[in-house]
Structures are given as C-alpha cells and as structure tokens.
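None of the figures in this text is laboratory data; all of them are computed from the coordinates on show. Please read these numbers as outputs of a predicted model, since none were measured by experiment. Positions of Cβ are generated from backbone atoms using ideal geometry, with glycine treated the same way; all protein chains shown enter the neighbour counts.
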Amino acid sequence: MVFEEKMITNGEPEEEEEEEEEEMVDPIETLRQKCAETERCVQTWERLEQCETRVGSRSSTQEDCTEELFDFLHARDRCVAHKLFHSVK
C-alpha cells in the first residue's frame, strides 16, 4: 500500500512549491581561509614557498618541504581549533 501526500485545492491545479535550498557552507573551510591570513600562518606559508622555490630550482636534491608544510598546517589548524566549535550548532 502506497501513501501519497496530496494538497487539497479548490478546483485549482495542484502545484508543488519549489523549495529553495540553501547551499551549505562548511564552517571549517571558512575558518581555514581566515586563519591562513593571520600573521603566524603567513610567516609559515612564506617559509613553505621559499622551500618550494629552493627545491624546485635544483635538478637533483633529496630535500623536500615536508617540515615547512607541517608547520603551516599546524599553525592554521591550531587557529581553527580555537574558533571552530564556537560556530558549530
């Protein structure tokens, strides 16, 4: 047995209301962008870019920029952690 929900109208054709869906925005992405602009994150980002430039300019090197990447991610995520749960319902 199938139950159908129908609108009762006064002889008028049945029209379904279109619901406007709001696009959900993940608050962590917004906070990551804001935190990446803080002084500490900008400094670690600049060191990461310098490392990538240095490594990219060499034809043969065993150096990678893992440490600099982790420093940036740590600084950014530390900033996000202090702010994220205040905006979550």
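Before moving on, here are some points about what is shown:
- Peptide ranges 30-38, 55-63 listed from the most packed, as the mean C-beta count within 10 angstrom indicates: 30-38, 55-63
- One Cα centroid belongs to segment 28-53, the other to segment 55-71; the line between them spans 17 Å.
- Whole-Hz couplings from phi, Karplus 6.51/-1.76/1.60, listed for segment 48-57; x for Gly and Pro: 5, 5, 4, 4, 4, 5, 4, 5, x, 7
- Cβ-Cβ FRET estimate between residue 34 and residue 67, R0 fixed at 25 Å, reported to 0.05: 0.55
- Placing dummy labels 7 Å off each Cα toward the beta-carbon, the span from residue 81 to residue 49 is 2.7 nm.
- Each label point was placed 7 Å from the Cα along the Cα-to-Cβ direction; for residue 25 and residue 42 their separation is 2.2 nm.
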